[in-house]
Amino acid sequence: MTERPGGAWRIGVVDDHEQIVRGLRATLDEQPDMELVAGAGTVSALLATTTDIDLVLLDLRLGDGTSSIANIETLRAAGVPALVYTSGDEMYMVRQAASAGVMGVVRKNAREGELLDAMRCALSGDTVPGIDWAAAIDSDPGFVDLSPQLRRVLELYAAGESSARVAREMNISTETVTDYVNRIRGRYNTAGRPAPTKTDLYKRAIEDGWLPIPRRFRR
């Protein structure tokens, strides 16, 4: 792989389980070409420490309730690529992560060698291959992908805002908001995940990571 000019590749970890961060630090301490320079429980805390990071290992489900796609977009805006490091049981969130442009996905139960190979692949600028359930993620008919505009409407409307408030916030007409909400409902119906009420849309938005998990349900 291409070596980092001036030294080892700088790795960050975002995971709110301290034992995961400690375990990764012990693993990377043994690698001559990588060093763990920052570990934090949230993306904002990590970036507050440093943005001089070549790759972040990112858990999708964090205790602060932030959405996975928002975290990925925050990292991308800071110029920091991400490799998802997850248990693999949040399939909607994994699909979102893939569509948001992460370098790949590695399960937390992967062997150490597999993880290191994936990291070196990502650090070389390549998408990580060989995820044994990638085909299932791509082909799952339950996944509902949304454009940024539709996603923003869902975020606001499903969180409780009225159509008029959404229209003002997005500088569009109430008729357009209604049309967008109907489109969103149609896509969920087609995917076999109907959302006829506002409460149903709220549930779908949480399932897909567009809205944070309510605090009372967080770990």
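Things to note:
- Sequence-ordered 3J(HN,Hα) estimates for segment 198-206 from the Karplus curve with 6.51, -1.76 and 1.60 and θ = phi - 60° stand at 5, 4, 5, 4, 4, 5, 5, 5, 6 Hz, glycine and proline given as x.
- Dipole axis of segment 158-213 (+1 Lys, Arg; -1 Asp, Glu on Cβ), positive-most option in Thr178, Ala164, Tyr188: Tyr188
- Rounded to 0.05, the FRET efficiency of the Ala164 and Lys203 pair, given R0 = 30 Å and the Cβ-Cβ distance, is 0.80.
- Highest mean packing comes first when the peptides 21-30, 149-158 are listed by Cβ atoms within 10 Å, giving 149-158, 21-30.
- Label-point separation in nm, Glu30 to Ser44, each point 7 Å along Cα→Cβ: 3.7
- Between Ala77 and Arg22, the distance separating the two model label sites (each 7 Å from Cα on the Cα→Cβ line) works out to 3.4 nm.
- Looking at segment 148-217, the pairs of alpha carbons with a distance over 15 Å make up 48% of the total.
Read-outs throughout are calculated quantities, based only on the coordinates presented, and are distinct from any laboratory measurement. Being a predicted model, the structure only gives us computed values, none of them experimental. Neighbour counts run over all protein chains shown; Cβ positions are idealised from the backbone, glycine included.
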